[in-house]
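The values are calculated or read from the model by the stated rules, or taken from the named source; none is laboratory data. Predicted model only: the values in this text are computed from it and were never measured. Here the Cβ positions follow ideal geometry from the backbone for every residue, glycine too, while neighbour counts run over all protein chains shown.
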Amino acid sequence: MTKQRKTTRTKPQINAVELTEAEWDIMKVVWDKEPCAAGTVQETLAQSRDRAYSTVKTTMDRMAEKGFLEIERIRNLQLFKSCISEVDARRGEFRKMLKRAFDGALTPMMQFLIEHEGLSKEEALQLRKLVNITESKKTNRK
């Protein structure tokens, strides 16, 4: 007996990755457990939110249509794998927020965080280190 495998995959537009809150919840589980079935995702999400299997499965099917997930079919079993990385998803979310709140400008966002959200001494030190690393990389390229 041979296994029937059929893979459905479409490439997402990586620069345009924007996930809804429900899609984020699902992607976090998929990134952690892939490949996984919709039932596995629903069971994991049920620990923190009450979502029906049909809702999770429908959302995952739509995410596959968008190119965020790949479906591998083995007979009656559908296994889902991610087509986007967590970095790409975070980048899309960050760019969306940056564009909406700060007209796409990074410096005003950083200034806002420092002035209105406050930084601990440790966070300020980490930021200084990141700035120094970035400056030294730019200096070494010249």
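Quick check on this structure: which one of 52, 64 is farther than 14 Å from residue 20 by Cβ, of a type in the set (A, V, I, L, M, F, W, C) and at pLDDT below 95?
Step by step, each of 52, 64 is checked, and only 52 is farther than 14 Å from residue 20 by Cβ, of a type in the set (A, V, I, L, M, F, W, C) and at pLDDT below 95.
Given 107, 59, 139, which one is over 28 Å from residue 17 (Cα atoms) and not in a loop (DSSP other than H, G, I, E, B)?
None of the other options fit; the residue is 139.
Quick check: is even one residue across the range 39-56 within 22 Å of residue 96 (Cα to Cα) and outside any loop (DSSP other than H, G, I, E, B)?
Scanning the range 39-56, I find no residue that is within 22 Å of residue 96 (Cα to Cα) and outside any loop (DSSP other than H, G, I, E, B), so the answer is no.
Out of contact with any Pro (no Cβ under 8 Å at 6 or more places or on another chain), without any contact (Cβ under 8 Å) to a residue 24 or more places away in the chain, surrounded by 10 or more Cβ atoms within 10 Å (Cβ to Cβ) and more than 29 Å from residue 18 (Cβ to Cβ): is that true of residue 125 in this structure?
Taking the combined requirement at face value, the residue satisfies it.
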